[in-house]
């Protein structure tokens, strides 16, 4: 069986056709312009992940932009948001510093994307 | 007991409050909305009509011509921009021309100065922007433009400086005659006054009925407008009307005192007196007519569209009377109501005097109010002097209109105080430019919240349930 | 405050910062950036989502990270900048009047000026949607500012008009922050946003995208209570029989960006009717000598990476201008066929390899981009898909330009 996918790895947005076996296991893909598309297709058909960006409050009440250090399972996005909603970050954090070490049990850290002092 | 209570804080009630505040009287002004200038005053053509439209001998004609003569001085006293740009009524046919001749004759009888019928050639010298099919026009050099809500806000501010009291969110629900005056109810709030003056716009018939006067009705005539970007403000110099019909003066094309171009209004009688929505057909008809009258109006330059309601009285004339002792109607003030408003104020003051109200000039009371727009008209040196004393005047909040934080804070702190985004907009022009508040409204919300001492999410667009944000995204109190 | 500067840059967003860095690296030392916001970074500060920087930095960054990298480059070089400073006027002699709290109103005469003011969103008024004017109508960018910078939710039940990238991004942001996005309506038969944003911002959350649909009426007196949505015909006119009411408390508008060229006009710089930005040559120099333009104030870009690239070009050009250098002068006009909506630059004045950015007017599949000199086809490049939402580029070769001196090169999209 086949499945159509739009690659989200880069702004090019390649339209791919993915071939799956009878157990919906990834076999191959075409339409991707680069190898990263291929690994995206495989991951998307196996265990889809997404990057998450949001904000957390700092201790002084500022709003610090944050992101997941790497993509997390798609199904965990809203769990992660629940943790992010009540998280509190020190005002000393810089870009890349960890805000939450293990976002919603995914093992992925939530990191600052700006220096809190510059806000 | 207050001496005089005025119902309705529009331009008519406002200028009347200011007039009466000059005398030894206690004056209260009540308004059903959360700000002043919220009815017909908020959205109309912003024109000071020369006075050739109204039927000779009518109150409209008398007060239009007189008001038009008074307006320049009134605007100057109140620090409100006024521009005598002249107006023309364009005709497209011989039939129109005959109609214009009638208007001319009527204008002459009404005492309007300088009227003339111009052929296309002469007209082009006055207004090069006229449409290609225009053949003739009635030219009224005394026609002018003024901002109606600016006028009302400043007049009410002036009245308050003179001691008048403003009660907003005060919809009058009941009026009771009491010994020596009236008791006016709004929910839990009650005010007593010796004299009550009904300036309630489209609701004036309801107010009159509260004291048993059912001699007239007021209906709402909706007018839809489009406001164009300032880059279109130079398309025409004069206010360009078309030959009128019985539904009104038709669509006009006019520069505004702030440099935009205003197109409209439509004229549609409606049942719901709060219905200020625009319609696709209405806006299309505005654009169509405007383009016949004036050429070179660029497409796609509308920055906002809106509708206003004119308070049209059932008698065909302004209804200014006293149906019972101590109660006055100032009703049916449709066009040329704005033009007439300064004259209405003195006319009503004269009525009170005739009816035995003592009008003794109050020491220290003034007709003059410092302009809210002073900063923007200053020289560089003057601006820098202000900035040295208060650096917030160097902080631009609204990029499109160049409005500074200092001006916004001053407006928030000056009577009548705005309590929402639209209130700040009407006073300062912040959010009124081409991006319509896209960039600055969050900052204005912040300034309002800080100045009023309320949470960010408590600030509204225009009072009531017009909330802007529903709550915080983060923290313990996040939704 | 000093009264003269070699290079004055108006705007400290991605374009202004990149231009400043490039000019500095090309030897200009007397630079001043004027930024109206409290920080460098421009609109990127509120674009907290990822997706930036793949071209420029080879990795995926969020807006604040991307802006932060450039801000760091500006600071490393100690390039002077003033924040909270609004440029009020610019004239054709490159005299700039600006205002801030520290200096009040002040003027600076610049030997060269780079315009990098960015763009703004098309407001509701420009769309002519009928109905009431309640609270709850926001441009997507304003909503983004409330959510990402202020920490407030503009509403709970959202309809979005326009499928530009900011609208798509906000559909996801609002959803993640707890709102329900009920529909995204797009007037055109295709989305102007990136395909990957439709995928990860709408499809991921089962948000329906209605193509060839528009909002015909806004309801609600105080706050939005709903919108009427209708399909449109091929002339983009609503089909009344398809109208339906969608209850919501919020309408977000993502209906296009308009370059902010008020200062540009003041300086007498002629603008391109299609882009709304200045008419520029390959150096991004406008028709007014010494005034350059780059980034979204010149033409709306799809990716910030290209903004940086273009701004660096403008910065380098300004440096060369300040040194009084110029290459062999030629005059080549770039003409478009309508399918190619515009080109930047609009004309070429030097014989060297020149990259031309352009956008197309519609979605074209299996098409060819052609560059012709008269009847001669200089370039014919096959493209599987061309879409209005994406910027395209071709590079004109020096020898073509030499040959075309005094003539025009025409850009066309050819389909089978």
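Of the candidates C:346, C:242, C:228, which one comes out as most mobile in a Gaussian network treatment of chain C with C-alpha springs shorter than 10 Å?
Result: C:242 has the largest fluctuation of those listed.
In whole angstrom, how far apart do the alpha carbon centroids of the range C:156-218 and the range B:33-57 sit?
Computed from Cα coordinates, the inter-centre distance equals 42 Å.
Using Cα-Cα distances under 8 Å and only pairs 6 or more residues apart, what relative contact order does chain A have, in percent? Walk me through the numbers before you get to the answer.
On the way: 235 pairs, mean separation 21.8, N = 119.
Relative contact order, chain A: 18 percent.
I need to check one value: relative contact order of the range C:1-152, counting alpha carbon pairs closer than 8 Å and at least 6 residues apart, in percent. Don't skip to the answer; put the middle values down first.
Working: 259 pairs, mean separation 43.1, N = 152.
Here the relative contact order equals 28 percent.
Can you tell me what share of the DSSP beta bridges in the range C:123-255 is antiparallel? A percent to the nearest 5 is fine. Intermediate results must be reported in sequence, preceding the final value.
Numbers: 11 of 29 bridges.
Here the share of antiparallel DSSP bridges comes out near 40 percent.
For chain B, what's the relative contact order in percent, using C-alpha pairs closer than 8 Å and at least 6 residues apart? Intermediate results must be reported in sequence, preceding the final value.
Numbers: 1086 pairs, mean separation 96.1, N = 479.
It comes to 20 percent, rounded to a whole number.
Which order results if A:6, C:250 are arranged by neighbouring Cβ count within 10 Å, fewest first?
On the way: A:6 19, C:250 26.
Going from least to most buried by this count: A:6, C:250.
By count of other Cβ within 10 Å, fewest leading, how are C:253, B:22, C:202 ordered? Please report the intermediate quantities before stating the final value.
Values: C:253 27, B:22 19, C:202 24.
Lowest to highest Cβ neighbour count: B:22, C:202, C:253.
Out of all DSSP beta bridges with both ends in the protein assembly as shown, state the antiparallel percent to the nearest 5.
70
Quick check: the angle from helix C:63-76's long axis to the longest principal axis of chain C, C-alpha only, nearest 10 degrees?
20
Quick check: the angle from helix C:165-176's long axis to the longest principal axis of chain C, C-alpha only, nearest 10 degrees?
The answer is roughly 50 degrees.
Under the rule of -39500 (n - 2.57) per DSSP H run of 4 or more residues, summed and divided by the residues of the protein assembly as shown, what mean residue ellipticity at 222 nm is obtained, to the nearest 500 deg cm²/dmol? Before the final figure, lay out each step's value.
Numbers: 23 runs with 249 residues, N = 1014.
Value at 222 nm, helices only: -7500 deg cm²/dmol.
If you project the alpha carbons of the range B:202-299 onto their three principal axes, what span does each projection cover, largest first, in Å?
Projected onto its principal axes, the Cα set of the range B:202-299 covers 52, 26, 24 Å.
Please determine, in degrees from 0 to 90 and to the nearest 10, the orientation of helix C:304-323 with respect to the longest principal axis defined by the Cα atoms of chain C, where the helix direction is its Cα long axis.
Computed tilt is about 20 degrees.
When a footprinting reagent is the concern and you count Cβ atoms within 10 Å, what order do B:197, B:207 take, fewest first? Intermediate results must be reported in sequence, preceding the final value.
On the way: B:197 29, B:207 24.
So the residues, fewest neighbours to most, are B:207, B:197.
Readers should treat all values here as calculations from the given coordinates under stated rules, not as data from a laboratory. Note that the structure is predicted; figures quoted are calculated from it, not measured. FYI the Cβ positions are ideal-geometry reconstructions off the backbone, even for glycines, and counts take in every protein chain you see.
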